[in-house]
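Structure first, commentary second.
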């Protein structure tokens, strides 16, 4: 098993390439599309580096895995699929998120809330096979109802791709104030992650390093239990919920939440072009979901 991580500087997001080098197979987890909110222009420069890396290695892309519908960056899954193939994977509870935000954006009946935009829907204990690597799925709601963690195991080691559920020890944990989020549920989900073997590598979806530290894509379960500022050993559920809800009340909405959510719940598709050939995203005005 090899894991190669790519930092998207603008959103501080990590995309990961998980590879079985014996069989030349790989998966890409959480690919990012460049998007400039000021101009409305999108670009694939960053994700093209990931695509070129996979091509250079001669690996076949089997899966494009989204850990959840991201609120801080737009997915590049469609571009990756067009360039490399592969099946688009997300947790089955994306349907709950689609239904919530269909109402927020007032999408018409053409917007599908059955997750049929995706190729594979995962649930707790789903197993995906990547050559000699087994990828078991863990439902870890709390940040959103649909978050999944993906635990990759072969004969040599284990690694878990956590999405936004947990961050580096000095950063803490994900917010829970988006529609469908819940701090108590997140605490319980994190306990499932922390029950993994201590030497399991944790690959993060984001890193927001404290002053003086460089971005880092990974940590270990043992390091999280010892030092995560929000959920290390000794912090109970009630303490966590009080901290998380108090902290969330002070946070601004992510810079790209309005374009990101409506694109990502549709598997990374932009709306169809209108009669002038231009695609348009919707901006809810004074919508309570984005308070």
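The values are calculated or read from the model by the stated rules, or taken from the named source; none is laboratory data. All figures in this text were calculated on a predicted structure; none of them were measured in a lab. Here the Cβ is made from the backbone with ideal geometry for all residues, glycine too, and neighbour counts use every protein chain on show.
Here are some notes:
- Within the range 121-138, the residues that satisfy the criterion of being in contact with a strand residue (DSSP E or B) (Cβ under 6 Å, 6 or more places away or on another chain), in a strand (DSSP E or B) and surrounded by 15 or more Cβ atoms within 10 Å (Cβ to Cβ) are 122, 128, 130, 133, 135, 136, 137, 138.
- The set of residues in the range 27-43 being surrounded by fewer than 16 Cβ atoms within 10 Å (Cβ to Cβ) and at negative phi consists of 36, 37, 38, 39, 41, 43.
- Residue 288, sole failed condition from (1) under 28 Å from residue 92 (Cα atoms); (2) in contact (Cβ under 8 Å) with a residue 24 or more places away in the chain; (3) surrounded by fewer than 19 Cβ atoms within 10 Å (Cβ to Cβ): (2)
- Some residue of the range 262-271 being more than 18 Å from the chain's Cα centre (by Cα) and under 21 Å from residue 34 (Cα atoms): yes
- Criterion applied to 252, 199 was being at pLDDT 95 or above and assigned to a loop (DSSP other than H, G, I, E, B), and the one residue passing it is 199.
- Long-range neighbours under 8 Å by Cβ, at least six apart or interchain, first residue at positive phi and without any contact (Cβ under 8 Å) to a residue 12 or more places away in the chain within the range 162-191, second assigned to a loop (DSSP other than H, G, I, E, B) and surrounded by fewer than 22 Cβ atoms within 10 Å (Cβ to Cβ): none
- Residue list for the range 143-159, filter: without any contact (Cβ under 8 Å) to a residue 60 or more places away in the chain and either buried (at least 23 other Cβ atoms within 10 Å of the Cβ) or under 20 Å from residue 266 (Cβ atoms) (or both): 145
- Filter result for residue 48 (in contact with a helix residue (DSSP H, G or I) (Cβ under 9 Å, 6 or more places away or on another chain), within 30 Å of residue 171 (Cβ to Cβ) and surrounded by fewer than 19 Cβ atoms within 10 Å (Cβ to Cβ)): yes
- Elements of type strands (runs of 3 or more DSSP E) contained in the range 1-118, each with 2 or more residues being within 20 Å of the chain's Cα centre (by Cα) and in contact (Cβ under 8 Å) with a residue 12 or more places away in the chain: 2-8, 13-20, 25-29, 32-36, 60-65, 87-91
- Matching residues in the range 183-226 - criterion: being in contact with a helix residue (DSSP H, G or I) (Cβ under 9 Å, 6 or more places away or on another chain), farther than 14 Å from residue 158 by Cα and surrounded by fewer than 20 Cβ atoms within 10 Å (Cβ to Cβ): 184, 188, 191, 225
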